[in-house]
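Okay, structure first, notes after.
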Amino acid sequence: MIANMDAWVRSNTLPPASSYPKIADGNLVPLSAYALPAIPGVNRPHEANTAYRLDFGPNWRNGILSLQPPKVGAAFPVLVPQVDADGNERDGVRLPEVTLPLGTYASWNLRDPSIGAPNQRLAFETSYIPFPKTAAERQKTGDPRKSIAERYSDREDYMTRYKKAVDDLVKQRWILPEDREALIHRGEQEWAEATK
C-alpha cells in the first residue's frame, strides 16, 4: 500500500479500490448471524469486543472530566465479518491462501481448556483449522467443508491456480511484483504441510 500511495502522489495513479466488509452486502453482520460451519471439535466465539458509550460530563471535549468514573451508557453495535461455507471471511483483500484454501483461516482463537476460560477469545491470536485430506476422512469426522482432494486434483492443479491468484493480486496492485516468488514458495510449503 505504500507503493500505491507513492504512485498516487507522484503520478496520480489511483490506489486499488477499497475492499472491506459492508453491512449493505451482508458481509458485516452481528455475531448472532456469523455463519461459521459446524466444524467438529471447534467452538465458535460467543462474544466480540464490546464498547460502551461513556459520559464524562458536559465539558469533556474541553478536557474537563467532571464525572469520574464516567456514567456507562448503551453499548455500540458490534459487527463481525461474515464467512463463507469454509469459514473464511467473504470480503476484504483475499490472499491466495483464502482464495484457494487448504483450511479455515479464522480471525479469532479461543483459549485452550488447559489454561481456563475456554469460551473466551485470546487477544491478537488467529486460528488455522485444516481441511480433511480426503472425502473419506471428511465423512468419517462429519466435517461439512470439502476435503483437499475434493477441491484440487493434485499439487500441480493447486499450484497453477495459486499462481494465478497471486498474479491477479499483483495486477490489482495488492501485492508487489517482487514478492511474487516468495508467495509462490510459501504456497508450495503450505501444500506440502497440508497434504503430508
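Quick note: the coordinates plus some simple rules give every number you see, no bench work behind them. Here the structure is a predicted model, which means the values were calculated and not measured. Cβ placement follows ideal geometry from the backbone for every residue including glycine, while neighbour counts extend to all protein chains displayed.
Kindly express, to the nearest 10 degrees and within the range 0 to 90, the angle between helix 155-171's C-alpha long axis and the longest C-alpha principal axis of the chain. That helix lies at roughly 50 degrees to the long axis.
Which loop-located GluC sites (Glu not before Pro) does segment 111-196 contain, where loop means any DSSP state but H, G, I, E or B and the Cβ has at most 13 other Cβ atoms within 10 Å?
Here the GluC sites (Glu not before Pro) that fit, given the DSSP loop and packing criteria, are Glu125.
Judged by the mean number of other Cβ atoms found within 10 Å, the most tightly packed of the peptides 159-167, 29-37, 12-20 leads the ranking 159-167, 29-37, 12-20. Each Lys or Arg adds one and each Asp or Glu takes one away; over the other residues whose Cβ falls under 15 Å from the Cβ of Tyr34, this sums to -2. Loop-located GluC sites (Glu not before Pro) in segment 19-97 (DSSP state not H, G, I, E or B) with no more than 15 neighbouring Cβ atoms inside 10 Å: Glu47. Of all lysines in the structure, the ones whose alpha carbon falls short of 27 Å from that of Lys164, not counting any fewer than 8 places away in one chain, are Lys22, Lys133, Lys146, Lys196.
Which net charge results for the neighbourhood of Glu156, defined as the other residues with beta-carbon distances under 14 angstrom from its beta-carbon, given Lys and Arg at +1 and Asp and Glu at -1? With Lys, Arg at +1 and Asp, Glu at -1, the net is +2.
Over all directions, the average projected area of the alpha-carbon convex hull for segment 51-188 comes to how many nm²? Could the numbers behind the result be given before it?
Details: hull surface 55.7 nm².
If you wrap the Cα atoms of segment 51-188 in a convex hull and average its projections, you get 13.9 nm².
Using θ = phi - 60° in the Karplus curve 6.51 cos²θ - 1.76 cosθ + 1.60, the 3J(HN,Hα) couplings for segment 93-99 round to 7, 8, 5, x, 4, 8, 5 Hz; x is entered for Gly and Pro. A helix-only calculation puts the chain at -8500 deg cm²/dmol for mean residue ellipticity at 222 nm, using -39500 (n - 2.57) for each DSSP H run of at least four residues, averaged over all residues.
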